[in-house]
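To start, the structure under review is shown below, and the notes come after it.
The values are calculated or read from the model by the stated rules, or taken from the named source; none is laboratory data. Model, not experiment: these values are computed from the prediction. For neighbour counting, all protein chains shown are included, and Cβ atoms are generated from backbone atoms with ideal geometry for every residue, glycine included.
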Amino acid sequence: MSDTPPAAHTRRGFPMKPRLPRTPAAVAGAVLVAAMIMLAVAGPPIWGASAERIDAAAILQGASAAHPLGTDSLGRDLLARVLVAGRFSLALALAATLIGGLAGIVLGALPSVLPGRPARLITGTVNALVAFPGLLLAMFTAVVSGLGARGAVLGIGVAIAPGFARLTQTLAATVAGSDYVSAARMLGVSRRRILTGHVLPNIAEPLILQLTQALGGALLGLAGMSFLGLGVQPPSFDWGRLLYDGFARIYVTPEVALGPAAAIALAGIGFNLLGDAMAKAAARTAAGGKASDTAVPPDPGEPNPGAVLEVRDLTVAFPGGVTPVRGLSLTIAPGEIVGLVGESGSGKSLTAAAIGGLVPYPGTVAYGRLLLGGRDVATLSGKALGTTLAMVFQDPMASLNPALRVGGQLAEVARVHQGAGRAEANRRAVDRLGHVHLPDPAARARQHPHELSGGMRQRAVIAMGLMATPRLIIADEPTTALDVTVQRQILRLLREVTEESGAAALFITHDIAVVGELCDRVMVMYAGRVVEELPVSRLAAEAAHPYTRALIASLPDMATDRDKPLASIPGRQPAPSEVGPGCAFADRCALATARCSAERPPLIPYGEAGRVACWEVK
Amino acid sequence: MIIEDLTVRFGAFTAVDRVTLEIPPGRIVGLVGESGSGKSSLARAVSGLVPYTGRIDGARNVQMVFQDPYASLDPRMTVGESVGEGVRRDRAGRRAEVERLLGLVSLPAGLAGRYPRELSGGQRQRVAIARALGAAPDLLVADEITSALDVSVQGAVLNLVRSLRDELGLSMLFISHNLAVVRYVSDVVAVMHQGRVVESGPTERVVGEPAHDYTRALLEAVPRLT
Amino acid sequence: MRELHKSGPGSPRRVRSRGPRWVVRQVVRFAVSLAALLVASFAMIHFIPGDPVRASLGPAAPIELVQARTAALGLDRSIPEQFLTYTGHVLSGNFGTSFLSGEPVVEIVAARLPNTLALALLATVVALLVAVPLGMWAAVRTENGRNRGTEYAFTTVTGTAVAVPEFLYSIALVTVFAIGLGAFPPAGKAGAASYVLPVLALAIGPIAMIARISRAETLRELGTDYVRLARAKRLPAARLYLRHVLPNTLTATLTLGGLLLSALIAGSVLVEYVFAWPGLGMKIVESITQKDYPVAQGVILVYGAIVLVVNLAVDLALAALDPTSKIREA
């Protein structure tokens, strides 16, 4: 749908200053990592001496007041040793991360510099290596470079490198394929400038983020190697080596394993939580808005017994004072096709979602009246709603489930809501597919959605709505993703289907010209409200609202005078959180007076079967 | 500028099939077609972004404006930096030039310090046009530049396109799936279908007396208000 | 979203065909990787600085013994000659003999491989069975930001669980359930009870990781138009989630399952070490610390080959299962 509520105004921006979210998890991560760094700096000078103090009288002790975590085979205090080992553990992890990260970034960047064949060779090797578990690569390297800290660091570095190479490759390829790099190339910007000006700045942030996360992984990997006896060897010691020693005594004094185990776990958790929080901060886009009170809907008056759909004072609100639909009213008679026109952000798609009960959480829907076939939508059972209301969305690629056969998706409605058997439901599905002029419907029913063209898929979605006997079809931009020639066919089909079944339709679109092809009546939405309503036959010549008129004038058609400039509307539509007390269009309107920005014009009858909300229309 | 026998292939698929097209100086040639017709591949070939066979004569400096204004500006560059990318001058000269270019597309000079995320879609598209103009192109290729914009903004961008031709004498290849839009801005219209140009000629002639069946089908399908 | 007219360069959508040619390509790629693995395992011995035989036998060994061993291993011949012999041996199932015990490496592998595979497979199955429903449940409960508390607890618990390595889980489980409570055997492989702790230790981290991915995948599915349409049709919840959402998350789940199995086969090294499990992992650690190079070489070769086979199997299974055949290449 074209109005995705609050986020719609922050699309694809990158955050100005990625700030860590203040969640307890993020804070815990930051605190743990800060503590690790402090330990690495201050640990050895403070506890270095006691960690090395040999005490023949206190060999292999368990926990005691003097030695809270016990002592080792030379009587050295294990708590002190754990605190001192922090520096070495972190330093090794840092070294491994830098080796792996650097090697990976170089390997990942090389293919974009080298000619085809070596580039492909490197890409292929990286792809093969990525599939190998890191520990396997690390052990291989450790065998070759010998047991000890050096081998383990190299090994973990080698284990980290392929992932970095892959990430660098993907990121660089994405940026290199972007329109702005194409534009720079056309402008004759040098390769080096493109690399330093566009590619590096745009890939640096995710790479640095990845380095932080890899640091935690390297620390755990090195601890694992040392724990297996393949890493740090005595007399050096890191947390993994201390755990190795402690594990040998676990049956006698389990507490001696506690210190190094806790240190490793806390370091791992700290880096992971911080990494998560940083990744979230980098991906987050700003969202704002201020709270406001929701108005109580006024008295809706008498219901209209003949209407298929009657909506009075429909309001859709989101937390933070964002109200994309404000007090909207509309009535649709049987067999009538009503067009709801507006630009993105006008609230037209949310109106459709509210009628269908599909407003996403945390949106709230309030209304004076919302009657479908004379009954309150809230009291209708799922079955009644599922069979009287049919919906068609914009993208036919996305409206059908790619995993299921077309026929099965249609038959589902008959089976679930109408109690039809499998064979009967399938027969009906094929019949409906034929009804929307899908060639060879029986064969199409057995196919998966990706085997159908866009136009055919949209026909299938319409057929799905016709499985039951809908009283109302809501079509939300059903032709926007289609080519004009296909669009015309689908519009005809919709017309045909409503005439035949007597169903009414609510047709939602941003394209006011399409309305003329299909609808009986049109409602124009602006900033969450209907500003004008009139029969389509009078739209071109007799529209009264300045916005409707400007919209029509700014749209070139096949009769537009090519020697005159097109009308254009200055400024932009206010966001749902910015709408003031007056007319929302006042800022962009040539006719606006002081009254317009102070007081909102009501939607009042105007002309034949029309309504308009404007102070300046007399 | 003349395009002769231009062919673009992606593997076994021929996206553009031996297209010949002339773009007279100071004129806007509109290229209309449906998705998959090869019009965007043709645009990219003319702009030197995809490999092709055939000849392109008479345009050394081609610049392109893309469909999606949200993807065509580097999010980490200010408007001024983006617009100034193709300008080869010293610091002060570049600044004045950026100001002049922004003025050409009716944007205030104060926008130079802003980032793309602070701009509306219509403003971004103007920035992209200003960036292209900075290189003083012989030909500007505009690929669906209004299809991502709201209707109320679209008109202003189309007016800008026409005024650039009238005031700067800019030659342009204007690509769109919307025949009404192409008709409004173009002097010459070429209709593309399945990789080939099936009809081309002066706008009034092609729209008024279409010779090819496909052109007629396209004309027939254009939605009309009345 | 916005109505973009789709018309990128080469608008023909690049749907990779999964026909016979694709299968052949996958198999060729597999063979090339296998060959590369063979070269790497051969080269391993030669990369070791100094004389591997001397390093293995120790400085006290008499020169005659070292020379005899070197000749027996063929290390005195030229490199290409050695590689040909090595390849011939590997292809005929001869992985050499242990420096220390004199046992054929093939027999060591044959005796221990099943134990490792049993652990890894069980842990994979347990992880998928627990994590996929857990992730789906979390997604449904926290969709569109409802139930912030649940979302918060879920991300924090899984974020923490992912960050603790399997050997710490192993040690904790041994200390509490084997040494403390005596509920399960602390080490060795003897009966069904002895599987519980190692499988658990191996599965906890992956459960957390897959549950997160399963939640993200499900959330993505819940946002699609076809799920909105299914909701508009008012399908019962069970049908909605099981028929419309689950099948579309399976591709990702299966891919993960494959990656997970390879990762667990390697990850079992640490778990086997803690539980003294008679598997390949235990052996590779021993062989490296004791410098028993033929064993290390053979085990690494076998590990690598298993990873390659699993990856190939997953790729082919995905291609066979996915109706749209548009899976991303791994």
Residues in region C:272-279: is at least one in contact with a Lys or Arg (Cβ under 8 Å, 6 or more places away or on another chain), assigned to a loop (DSSP other than H, G, I, E, B) and either facing another protein chain (nearest Cβ under 9 Å) or surrounded by fewer than 19 Cβ atoms within 10 Å (Cβ to Cβ) (or both)?
yes
If A:LYS383 satisfies every condition in (1) basic (Lys, Arg); (2) surrounded by 24 or more Cβ atoms within 10 Å (Cβ to Cβ); (3) facing chain C (nearest Cβ under 8 Å) but one, which is the exception?
(2)
Surrounded by 21 or more Cβ atoms within 10 Å (Cβ to Cβ) and part of a strand (DSSP E or B) - does that describe any residue in region A:341-348?
yes
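Hey, could you check region A:134-169 for residues that are without any contact (Cβ under 8 Å) to a residue 40 or more places away in the chain and not basic (Lys, Arg) and say which is nearest to B:ILE129 (Cα to Cα)? Walk me through it before giving the result.
In the first step, residues of region A:134-169 are kept if they are without any contact (Cβ under 8 Å) to a residue 40 or more places away in the chain; the result is A:136-137, A:140-141, A:143-146, A:150.
Remaining after also requiring not basic (Lys, Arg): A:136-137, A:140-141, A:143-146.
Working: A:LEU136: 53, A:LEU137: 51, A:PHE140: 55, A:THR141: 54, A:VAL143: 59, A:VAL144: 58, A:SER145: 57, A:GLY146: 61 Å.
Result: A:LEU137.
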Please count how many residues of region A:587-618 are closer than 17 Å to B:SER152 by Cβ and either modelled with pLDDT of 90 or more or in a loop (DSSP other than H, G, I, E, B) (or both).
5
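Select from region A:508-545 the residues that are assigned to a strand (DSSP E or B) and either more than 35 Å from the chain's Cα centre (by Cα) or more than 19 Å from A:LEU472 (Cα to Cα) (or both) and list them in ascending order.
Applying the first criterion (assigned to a strand (DSSP E or B)) to region A:508-545 yields A:508-509, A:521-526, A:529-535.
Across region A:508-545, the qualifying residues are A:ARG521, A:VAL524, A:MET525, A:TYR526, A:ARG529, A:VAL530, A:VAL531, A:GLU532, A:GLU533, A:LEU534, A:PRO535.
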Restricting region A:576-618 to residues that are surrounded by fewer than 18 Cβ atoms within 10 Å (Cβ to Cβ) and within 19 Å of B:GLY121 (Cβ to Cβ), which is farthest from the chain's Cα centre (by Cα)?
A:ASP587
Among (1) at pLDDT 90 or above; (2) within 26 Å of B:ILE2 (Cβ to Cβ), where does B:ARG126 come up short?
(2)
Selection status of A:GLY408, under 29 Å from A:PRO319 (Cα atoms) and either outside any loop (DSSP other than H, G, I, E, B) or more than 7 Å from chain C (Cβ to nearest Cβ) (or both)
no
Qualifying position, being more than 30 Å from A:ALA317 (Cβ to Cβ) and not aromatic (Phe, Trp, Tyr), among A:ALA567, A:ALA550, A:ALA586, A:ALA594
A:ALA567
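Only residues that are assigned to a helix (DSSP H, G or I), free of Cβ contacts under 8 Å to residues at least 40 places away in the same chain and either outside the structural domain of A:LEU102 (by TED's automatic domain parsing) or of a type in the set (Ser, Thr, Tyr) (or both): list them for region A:186-226, please. Before you say what the answer is, go through the steps one by one.
Here is the first cut: in region A:186-226, the ones assigned to a helix (DSSP H, G or I) are A:186, A:191-226.
Adding the requirement that they be free of Cβ contacts under 8 Å to residues at least 40 places away in the same chain leaves A:186, A:191-204, A:208.
Selection gives A:THR196 alone.
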Determine which member of the set B:GLY80, B:GLY54, B:GLY58 is more than 8 Å from chain A (Cβ to nearest Cβ), in contact with a strand residue (DSSP E or B) (Cβ under 8 Å, 6 or more places away or on another chain) and at pLDDT 90 or above.
B:GLY54
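Output the residue which, of all residues in region A:521-547 that are of a type in the set (Asp, Glu) and over 25 Å from B:ASN178 (Cβ atoms), is farthest from the other protein chains (Cβ to nearest Cβ). I'd like the intermediate steps shown before the answer.
Filtering region A:521-547 down to residues of a type in the set (Asp, Glu) leaves A:532-533, A:542.
Right, trim to over 25 Å from B:ASN178 (Cβ atoms) and you get A:533, A:542.
Working: A:GLU533: 16, A:GLU542: 11 Å.
For region A:521-547, the residue satisfying everything is A:GLU533.
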So A:ALA420 fits all but one of (1) assigned to a helix (DSSP H, G or I); (2) surrounded by fewer than 24 Cβ atoms within 10 Å (Cβ to Cβ); (3) at pLDDT below 85; (4) not assigned by TED's automatic domain parsing to the domain that holds A:ILE508; what number is the exception?
(1)
Return the residues of region C:285-302 that are assigned to a helix (DSSP H, G or I), at pLDDT below 85, under 19 Å from C:TYR86 (Cβ atoms) and in contact with a Leu (Cβ under 8 Å, 6 or more places away or on another chain); say none if nothing qualifies.
C:PRO294
Could you figure out which of (1) part of a helix (DSSP H, G or I); (2) modelled with pLDDT under 85 isn't true of A:PHE132?
(1)
So, in region C:169-203, of the ones that are facing chain A (nearest Cβ under 9 Å) and buried (at least 17 other Cβ atoms within 10 Å of the Cβ), which residue ends up nearest to C:GLY267 (Cα to Cα)?
C:ILE171
Regarding region A:108-122, can at least one residue be identified that is within 13 Å of another protein chain (Cβ to nearest Cβ) and closer than 29 Å to C:ASN311 by Cα?
yes
Any residue at all in region A:366-379 that's within 14 Å of chain C (Cβ to nearest Cβ) and in a strand (DSSP E or B)?
yes
Is at least one residue of region C:221-242 facing another protein chain (nearest Cβ under 9 Å), surrounded by fewer than 19 Cβ atoms within 10 Å (Cβ to Cβ) and out of contact with any helix residue (DSSP H, G or I) (no Cβ under 9 Å at 6 or more places or on another chain)?
no
Could you list all residues from region A:467-480 that are crowded, with 23+ Cβ neighbours inside 10 Å, in a loop (DSSP other than H, G, I, E, B) and among the hydrophobic types (A, V, I, L, M, F, W, C)?
A:MET467
Can you give me the number of residues within region B:168-226 that are in contact (Cβ under 8 Å) with a residue 24 or more places away in the chain and not basic (Lys, Arg)?
35
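Taking the stated definitions as given, is A:THR170 polar (S, T, N, Q), in a helix (DSSP H, G or I) and surrounded by fewer than 20 Cβ atoms within 10 Å (Cβ to Cβ)?
Values: polar (S, T, N, Q): yes; in a helix (DSSP H, G or I): yes; surrounded by fewer than 20 Cβ atoms within 10 Å (Cβ to Cβ): yes.
Yes.
Please determine, by comparing only the residues of region B:163-186 that are assigned to a loop (DSSP other than H, G, I, E, B) and out of contact with any helix residue (DSSP H, G or I) (no Cβ under 6 Å at 6 or more places or on another chain), which one is farthest from the other protein chains (Cβ to nearest Cβ).
The first filter runs over region B:163-186 and keeps only residues assigned to a loop (DSSP other than H, G, I, E, B), leaving B:169-170, B:177-178, B:186.
Now drop any that are not out of contact with any helix residue (DSSP H, G or I) (no Cβ under 6 Å at 6 or more places or on another chain), which leaves B:169, B:177-178.
Working: B:GLY169: 18, B:HIS177: 5, B:ASN178: 8 Å.
Going through the qualifying residues, I end up with B:GLY169.
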Identify, from the list A:ALA248, A:ALA183, the residue that is free of Cβ contacts under 8 Å to residues at least 12 places away in the same chain and within 14 Å of chain B (Cβ to nearest Cβ).
A:ALA183
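Kindly state which strands (runs of 3 or more DSSP E) lie completely within region B:1-64 and contain at least 1 residues that are at positive phi. Show your work before the answer.
Working: elements: B:2-10, B:13-22, B:28-32, B:53-57.
Ranges flagged: B:2-10, B:13-22, B:53-57.
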Of everything in region B:193-222, what is away from every other protein chain (no Cβ under 11 Å) and in contact with a helix residue (DSSP H, G or I) (Cβ under 8 Å, 6 or more places away or on another chain)? Give them in sequence order.
B:VAL198, B:GLU199, B:SER200, B:VAL206, B:PRO210, B:THR215
For A:LEU466, the lone unmet condition from (1) within 11 Å of another protein chain (Cβ to nearest Cβ); (2) within 19 Å of A:ALA390 (Cα to Cα); (3) among the aliphatic types (A, V, I, L, M) is (1)
